[in-house]
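Shown next, in structure tokens, is the structure this report addresses.
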Amino acid sequence: SAVLGLPLMAAGGGFALVAAAVLPWPRVAGVVAGLCVLLGLAGRIDDKHGDRGARGFRGHLRAALGGRVTTGLVKLIAGAVAGLGAGLVLSHSWEVLSTALLVALTANLTNLLDTAPGRAAKVSLALWVPLLLWGSRPWAVASAGLLGALLVCLVLDLRERAMLGDAGANPLGGTLGLGL
């Protein structure tokens, strides 16, 4: 089935870049754009070239210790770098680490949910609603492109015509982690 990651990454990242250029919160929008692109590209590499032999954090780290770089390790590093970058740009002191962990771990969790049609999208939407109502206004505006793309892609995902894939689930989860 087709992977919806590239449209999600493009819509989320592109909208956030435009928001960074025109809104009074360029740092938040720039971070959302960066998360969409970095996590989306790492996920795309795994979607295209993923080795299903090594699974989970432990499996990918064990493979790395054995001298083999897996696409899962690439995603793990990308999640850590994206989360740390988001934390450094938007947070202070100990909040840098909590932001980094929320971004990276929420991206991973969303990816793990993307094993049944529409599951990752539905859980993400359930988290998005309270964040839109009570969360950060700059984040809500900056993430609107990703949310809109998710709503468009949801029908294809639910009908099993396409799936988010790692390229879609990772930026979706990372952006939600930032909102949290």
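A search for C-beta distances below 8 Å between a residue of segment 98-109 that is farther than 13 Å from Leu76 by Cβ and β-branched (Val, Ile, Thr) and any residue that is open to solvent by 30 Å² or more (accessible area, probe 1.4 Å) and outside any helix (DSSP H, G or I), counting only pairs 6+ apart in sequence or on different chains, returns Thr106/Leu180. Note on segment 111-137: residues that are open to solvent by 30 Å² or more (accessible area, probe 1.4 Å) and either among the hydroxyl-bearing types (Ser, Thr, Tyr) or part of a helix (DSSP H, G or I) (or both) total 16.
Put simply, of Leu132, Leu113, Leu90, Leu127 the only residue that is within 13 Å of the chain's Cα centre (by Cα) and either closer than 22 Å to Ala20 by Cβ or of a type in the set (A, V, I, L, M) (or both) is Leu113.
Somewhere in segment 25-40, is a residue small (Gly, Ala, Ser), touching a Pro at 6+ places or on another chain (Cβ under 8 Å) and modelled with pLDDT of 90 or more? Yes; the residues of segment 25-40 include at least one that is small (Gly, Ala, Ser), touching a Pro at 6+ places or on another chain (Cβ under 8 Å) and modelled with pLDDT of 90 or more. Go through the residues of segment 138-146 one by one and say whether even a single one is assigned to a helix (DSSP H, G or I), out of contact with any strand residue (DSSP E or B) (no Cβ under 7 Å at 6 or more places or on another chain) and open to solvent by 50 Å² or more (accessible area, probe 1.4 Å). Looking through segment 138-146, none of the residues is assigned to a helix (DSSP H, G or I), out of contact with any strand residue (DSSP E or B) (no Cβ under 7 Å at 6 or more places or on another chain) and open to solvent by 50 Å² or more (accessible area, probe 1.4 Å).
Scanning segment 145-180 for residues that are within 19 Å of Ala20 (Cβ to Cβ) and β-branched (Val, Ile, Thr) turns up just one, Thr175.
Across segment 130-142, not a single residue is classified as in contact (Cβ under 8 Å) with a residue 60 or more places away in the chain and closer than 16 Å to Val3 by Cβ.
The values are calculated or read from the model by the stated rules, or taken from the named source; none is laboratory data. In this text the structure is predicted, and so the values were computed from the model without any measurement. Counting neighbours? That spans all protein chains shown, and the Cβs are built from the backbone with ideal geometry, glycine included. Please note that ligands, DNA and RNA were not included when accessible areas were found on the heavy atoms of the full protein model with its side chains. Shrake-Rupley method; radii C 1.70, N 1.55, O 1.52, S 1.80 Å.
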